[in-house]
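Let me begin by handing over the structure; questions about it come next.
The values are calculated or read from the model by the stated rules, or taken from the named source; none is laboratory data. Because the structure is predicted, anything quoted here is derived from the model rather than measured. Cβ atoms come from the backbone with ideal geometry, glycine included; neighbour counts cover every protein chain shown.
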Amino acid sequence: MKITRFVATPDGGSQFEEIDIPITNERQDAEGNTLLLSNTYTSPGVCFVDLPEGLNQDWHQAPTRQIVLVLSGRLEVTTTDNQVRQWSTGEAFIASDVTGQGHKTRTIDGPARLMFAPLPDSFVMENWSES
């Protein structure tokens, strides 16, 4: 499964990159269907956030590496290399630019409701697992 994350760059900026979350662990459900799952992780604290209509945040860092799931509304993020991407209901991204200048965030066409699922410090993105 492909997902976008934004990261700090060595020069203190930020950029988007695509990563692949392996969904290769098999599990059978009660009806005999084969489900494919990613590795699991223990989040230090999931929370829900309502962003108001008209939100237009200037440059800021992600408070921690976290998966952000858009539950409703639409969100736009700009990185320092002037890339702009939008996410709508049901879409997710990883905010991991915890150093440097960070990114800009704004709501589009109304408020947005998000779920933040922080990644533990021990989480290794390249393995999609805790160390």
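If you go through the range 40-75 one residue at a time, how many are surrounded by 11 or more Cβ atoms within 10 Å (Cβ to Cβ) and assigned to a strand (DSSP E or B)?
16
Could I ask something else about it? Can you tell me which residue is farthest from Asn82 (Cα to Cα) among those in the range 12-30 that are surrounded by 11 or more Cβ atoms within 10 Å (Cβ to Cβ) and either of a type in the set (Lys, Arg) or in contact (Cβ under 8 Å) with a residue 24 or more places away in the chain (or both)?
Checking each candidate, the answer is Pro22.
Say whether the condition of being surrounded by fewer than 17 Cβ atoms within 10 Å (Cβ to Cβ) and part of a strand (DSSP E or B) is met by at least one residue in the range 98-112.
Checking the range 98-112: not a single residue is surrounded by fewer than 17 Cβ atoms within 10 Å (Cβ to Cβ) and part of a strand (DSSP E or B).
Counting just the residues of the range 65-101 that are among the β-branched types (Val, Ile, Thr) and free of Cβ contacts under 8 Å to residues at least 40 places away in the same chain, which one comes out farthest from Phe6 (Cα to Cα)?
Among those that are among the β-branched types (Val, Ile, Thr) and free of Cβ contacts under 8 Å to residues at least 40 places away in the same chain, it is Thr89.
Of all residues in the range 76-88 being within 21 Å of Asp50 (Cα to Cα) and not small (Gly, Ala, Ser), which is surrounded by the most Cβ atoms within 10 Å (Cβ to Cβ)?
Result: Val77.
Say we look at the range 55-72 and pick out the residues that are of a type outside the set (A, V, I, L, M) and touching a Ser or Thr at 6+ places or on another chain (Cβ under 7 Å); which of these is nearest to Met125 (Cα to Cα)?
Arg65
Filter the range 94-131 down to the residues that are farther than 21 Å from Gly54 by Cα and acidic (Asp, Glu), then identify the one that is modelled with the highest pLDDT.
Among those residues, the one meeting the criterion is Asp97.
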